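**Student:** Next up is a structure, given as structure tokens.
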Amino acid sequence: MRQELQRPRGTQDILAPISSRMEQLRRIAIDTATRYGYDLLETPIFEQSAVFLRVGESTDIVQHERYTFTDVGGVDLTLRPEGTAAVARAYVENGMANKPQPVRLCYYGPMFRREKPEALRYRQHTQFGAELYGSTQPEADAEVILLACATVEAMGLPAPLVRLNSIGCSVCRPQYRASLLEYYHSHEEELCADCQSRLETNPLRLLDCKVDIDIRDRAPDIKDYWCADCAAHYAELVALLEASGRTVVRDPFLVRGLDYYTRTVFEIAHPSLGNRAALFGGGRYDGLATTLDGPETTPAVGFGMGMERILSVLEDKNLTPERRIYVAHIPGSEADAFVLAEHLRQEGFPIDTDLLRRSLKAQLRDASKRSNIVIIVGGDEWAQFKQVTVKDLAQNEQRTMPVEDLVPYLQQLS
RNA sequence: GUGGAUGUAGCUCAGUUGGUUAGAGCACCAGGUUGUGGCCCUGGGGGUCGGGGGUUCAAGUCCCCUCAUUCACCCCA
């Protein structure tokens, strides 16, 4: 196929068995969120670029991983790279600060980032996420994390191990940041090229480095810099999660890439994804809504979950093939079969039927590939008694019955 | 953005030291007599060998470029 007609890099066509599976996952996600009190919020898939720019100037995903365009009216627009900023914008714009607090929202849909594609890294991927606005309490962090865990379990994954950390607040983080910088500057010559530049751009991300791990391991731990409030918040959060039956582990090197986080950050990986690709991740971002012209103090906490990644670690056992019914005709009764097929569809049955006027033999061959019940219309039984033959392809059993008995019979089958 | 691997039918792949009209399996379609599938047999459709350029009498095969896929890094779901 001509290259210019192929699908864009890093995107995918989702075909039949997988597409219905994705739909299933979407339903599970939204149902679970509903059970926790979260309302579905649908925002546009593009926003004015400023929405994302304000929210994370130093992150790669807004710096050079954006799909940005100018529309004919001259407005600068960006395909959303993540959900959090868009939800925050909607929260502010719709005056949700005036609703009963806390406000619980979830979202589901495609996200776009112009990254170099890789295993489980796409330029368009589907994300499910939830955001809780209006509470600074650790119960809020806990609820969001529990929802994320409950969601992946409802989808059929084993209980996840949550990696957790707190990156402090405006009171304590500056001091930590300073000592981290001091520490790394004293080892500057030993650092890899990436870390040297991180030193300038985003010092916290130094802890993410997989090369200079020996230097990293001796770096100061933020835990020792937490202010009293942050320490208490973290301790209460852990206690709540553990009391709820979740296993958590503190990861002192967990600092997430979006730079709007405050205090809590968390992530869960999956063994088969090699610890690098997280299934879901999130944290608290108390200053985000304010950045988007929201009220002075609008605490919030949330997570995002990569649906393609979930799908990839799910076993295929839940793939139950649909029960379908094939209406076949004996040559000469094409129209009668066609009308019967339409009638059965209106009765709610999933029907396949031949549209090529093929021989009965060819129809049965076709039916055996896509159906498990065949209804044969035509011939003497049809002409004389309006009877049809119903054949179970798997059992290789068939019986003849008046057409008016068909609907009750099929209903009793399923 | 950096580095490695790979690009032949819808899919999985053969294709010998460059040498006639490029193959197989699976899938798809049709037949194997009159109204019945899965097995078997026969036949058929489908490829500008990713694209462009070069070397050569001759390129799927050698060289260069490019595009794409894939893996790792970066970052992230």
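**Student:** Within the range A:379-392, track down each residue that is farther than 21 Å from A:Glu334 by Cβ and near RNA strand B (Cβ under 6 Å from one of its atoms). Even if it seems obvious, please write down each step before you answer.
**Tutor:** Filtering the range A:379-392 for residues farther than 21 Å from A:Glu334 by Cβ gives A:392.
Correct list: empty.
**Student:** A further question follows. Does the range A:365-390 hold any residues that are assigned to a strand (DSSP E or B) and open to solvent by 40 Å² or more (accessible area, probe 1.4 Å), and which are they?
**Tutor:** A:Gln387
**Student:** Spot the failing condition for A:Phe128; the list is (1) within 14 Å of RNA strand B (Cβ to nearest atom); (2) assigned to a helix (DSSP H, G or I), and only one is missed.
**Tutor:** (2) is the only condition that A:Phe128 fails.
**Student:** Sticking with this one: Is it true that some residue in the range A:313-320 is within 11 Å of RNA strand B (Cβ to nearest atom), assigned by TED's automatic domain parsing to the domain that holds A:Ala119 and aliphatic (A, V, I, L, M)?
**Tutor:** Scanning the range A:313-320, I find at least one residue that is within 11 Å of RNA strand B (Cβ to nearest atom), assigned by TED's automatic domain parsing to the domain that holds A:Ala119 and aliphatic (A, V, I, L, M), so the answer is yes.
**Student:** Need at least 3 residues that are modelled with pLDDT of 85 or more and outside the structural domain of A:Met307 (by TED's automatic domain parsing) per element, so show me which helices (runs of 4 or more DSSP H) inside the range A:157-254 make the cut, counting only ones lying wholly within it.
**Tutor:** In the range A:157-254, the matching helices (runs of 4 or more DSSP H) lie at A:173-185.
**Student:** Suppose we keep only residues that are open to solvent by less than 70 Å² (accessible area, probe 1.4 Å) and of a type in the set (Asp, Glu) within the range A:176-224. Which one would you say is nearest to A:Pro252 (Cα to Cα)?
**Tutor:** A:Asp221
**Student:** Identify, from the list A:Glu334, A:Glu296, A:Glu342, A:Glu347, the residue that is more than 10 Å from RNA strand B (Cβ to nearest atom), open to solvent by 10 Å² or more (accessible area, probe 1.4 Å) and at pLDDT below 90.
**Tutor:** A:Glu296
**Student:** Return the total of residues in the range A:364-378 being β-branched (Val, Ile, Thr) and over 15 Å from A:Ser333 (Cβ atoms).
**Tutor:** Looking only at that region, the number is 1.
**Student:** Restricting attention to the range A:391-414, report how many residues are open to solvent by 60 Å² or more (accessible area, probe 1.4 Å) and over 38 Å from the mean Cα position of the chain (by Cα).
**Tutor:** Residues meeting the conditions: 9.
**Student:** What do you reckon, is A:Pro81 in the same structural domain as A:Thr297 (by TED's automatic domain parsing), in a loop (DSSP other than H, G, I, E, B) and under 17 Å from A:Phe280 (Cβ atoms)?
**Tutor:** Against the criterion (in the same structural domain as A:Thr297 (by TED's automatic domain parsing), in a loop (DSSP other than H, G, I, E, B) and under 17 Å from A:Phe280 (Cβ atoms)), A:Pro81 qualifies.
**Student:** Return the only residue of A:Arg89, A:Arg113, A:Arg54, A:Arg104 being within 22 Å of A:Tyr285 (Cβ to Cβ), within 12 Å of RNA strand B (Cβ to nearest atom) and crowded, with 17+ Cβ neighbours inside 10 Å.
**Tutor:** A:Arg113
**Student:** Testing A:Ile30 on (1) modelled with pLDDT under 95; (2) surrounded by 18 or more Cβ atoms within 10 Å (Cβ to Cβ), one condition comes back false. Which one is that?
**Tutor:** If we test A:Ile30 against (1) modelled with pLDDT under 95; (2) surrounded by 18 or more Cβ atoms within 10 Å (Cβ to Cβ), just (1) comes out false.
**Student:** If you don't mind, there's one more thing I want to ask. May I ask you to list pairs of residues, at least six apart or on different chains, whose Cβ atoms are under 7 Å apart, with the first in the range A:116-130 being β-branched (Val, Ile, Thr) and the second being more than 6 Å from RNA strand B (Cβ to nearest atom)?
**Tutor:** These pairs meet every condition: A:Thr126/A:Gly109; A:Thr126/A:Pro110; A:Thr126/A:Met307.
The values are calculated or read from the model by the stated rules, or taken from the named source; none is laboratory data. Only a predicted model underlies this, so the values are computations on that prediction, with no experimental measurement involved. Using ideal geometry, Cβ is built from the backbone for each residue, glycine included, and neighbour counts are taken over all protein chains shown. The area values use the complete protein model at the heavy-atom level, side chains included, leaving out ligands, DNA and RNA. Shrake-Rupley method; radii C 1.70, N 1.55, O 1.52, S 1.80 Å.
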